[in-house]
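Okay, so here's the structure we're looking at.
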Amino acid sequence: MYVYIYDNFLRDKKFLALVKAMEISLTDYGIAGKILRINKYADVKPIIEDEIKRGAKTIVIVGNDESFGYVLSRAANCDCVFGFLPVGPNNSIAEVLGIPLGVEGCDVLSRRRIERLDVGWMNNRYFVSQLHVYPSKVEVIYDERFRATAEDQMEVVVCNLKPFYWKKNKRDRDAQVVHPQDGKLEAFLRPLTKKSWWGYTYEDPSIFPFEEMEIRGEQPFAVEADGKTTKEIRVKIKLAHDKIAMVVGRNRQF
């Protein structure tokens, strides 16, 4: 039994025709199911657990990167298979999973090719796509052996499923990319140097895999994980014991 979790933005008129076409395609494949619409204030974990008790085997997220991260950051340890049907802009995770946008994604879902994916754990909650510490005065300790600091501020990005694209400066033509790594999380550290009234300049980054990391600051710093931003004074990050069973496409990037 399939249950489809629709992000609330799909109510917009510009998506109605596409969503209807996707529903017809799912019916043709014989995998149509119950539709639930959520907003960003809903606690999706008990909702999903109730559907599993009623017989749901596959929970499909319909939306974009933010929808994907919102659901799985709360329900990654639910005992089911997850699917994803990407709709609209902001869908870089779909590319990593090998799932095309719109109706073509229904074909991938119907083939039910399943892989188990790593999940990150940050301060007692999951994150699946990416964690971003915006430039702040922080200290980074990883794998309980190594310590990294900056003279002033440092930006930290931890990639799991979602890659991180960056440029050293505005003159760069091509963006660099930090790809997710299998079996470990991957961290991107980029110190900033103060350049008088011109502001800050980014230094060359360091990129490395790790299993456990702690980020500390003397003052609260902003952390964004799977679309949710909080203020923290200390963040512990590690690879969770749980893995997500996810339907993926043949052209996945791992």
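The values are calculated or read from the model by the stated rules, or taken from the named source; none is laboratory data. This structure is a prediction, so every number in the text was calculated from the model and none was measured. We place every Cβ from the backbone using ideal geometry, glycine too, and count neighbours over all the protein chains shown. The accessibility values were calculated without ligands, DNA or RNA, using every heavy atom of the protein model including side chains. Shrake-Rupley method; radii C 1.70, N 1.55, O 1.52, S 1.80 Å.
In the frame of its principal axes, segment 1-87 has Cα extents of 32, 28, 16 Å, reported largest first. Which of the residue pairs LYS14/LYS34; LYS13/LYS231; LYS137/LYS162; LYS45/LYS137 have a Cα-Cα distance greater than 29 Å in the structure shown? Result: LYS13/LYS231; LYS45/LYS137 exceed 29 Å.
Here's the list of aspartates and glutamates a cross-link from LYS57 could span, going by alpha-carbon distance under 14 Å and ignoring same-chain residues fewer than 8 apart: GLU49, ASP79. Labels on offer are (1) 1.00; (2) 0.93; (3) 0.95, and the one holding Rg/Rh (Cα atoms, Kirkwood Rh) computed from this structure is (1). Counting only aspartates and glutamates at least 8 places from LYS194 when in the same chain, those with an alpha carbon closer than 18 Å to its own are GLU139, GLU151, ASP152, GLU155, GLU203, ASP204. Both radii come from the Cα set of segment 123-168: Rg as radius of gyration, Rh as Kirkwood radius; their ratio Rg/Rh reads 0.99.
For segment 38-142, a crude dipole built from +1 on the beta carbon of Lys and Arg and -1 on the beta carbon of Asp and Glu, taken about the Cα centre, is about 220 debye to the nearest 20.
Hey, got a sec? Which trypsin sites (Lys or Arg not before Pro) in segment 1-110 land in a DSSP loop and have at most 13 other Cβ atoms within 10 Å? Please list the in-between numbers first.
Numbers: sites: ARG11, LYS13, LYS14, LYS20, LYS34, ARG37, LYS40, LYS53, ARG54, LYS57, ARG74; in loops: LYS40, ARG54, LYS57.
Of the trypsin sites (Lys or Arg not before Pro), the ones in loops of segment 1-110 whose Cβ has at most 13 other Cβ atoms within 10 Å are LYS40, ARG54, LYS57.
Out of the total accessible area of the chain (probe 1.4 Å, heavy atoms of protein only), what percent is carbon and sulfur? Provide the component values of the computation, followed by the final result.
Values: 6290 of 13450 Å².
Roughly 47 percent of what the probe reaches on the chain is carbon or sulfur.
Full extension of the chain between LYS167 and ARG37 gives 43.1 nm of extra length, using 0.36 nm per residue less the Cα-Cα distance.
In segment 127-168, what trypsin sites (Lys or Arg not before Pro) fall in a loop by DSSP, with at most 11 other Cβ atoms inside 10 Å? Could the numbers behind the result be given before it?
Numbers: sites: LYS137, ARG145, ARG147, LYS167, LYS168; in loops: LYS137, ARG145, LYS167, LYS168.
In loop regions of segment 127-168 (DSSP not H, G, I, E or B), the sparsely surrounded trypsin sites (Lys or Arg not before Pro) are ARG145.
Rolling a 1.4 angstrom probe over the protein heavy atoms, how many square angstrom per residue are accessible across the chain? Walk me through the numbers on the way to the answer.
Working: 13450 Å² over 254 residues.
It amounts to 53 Å² per residue over the chain.
The simple spin-label model puts a point 7 Å past each Cα toward its Cβ; for LYS20 and LYS184 those points are separated by 5.1 nm.
Accessible area per residue (1.4 Å probe, heavy atoms of protein chains only) ranks ASP50, ASP107 as ASP50, ASP107, with the largest value leading.
Distance distribution P(r), segment 22-138, all Cα-Cα pairs, bin width 10 angstrom from 0: 12, 43, 35, 7, 2, 0 percent.
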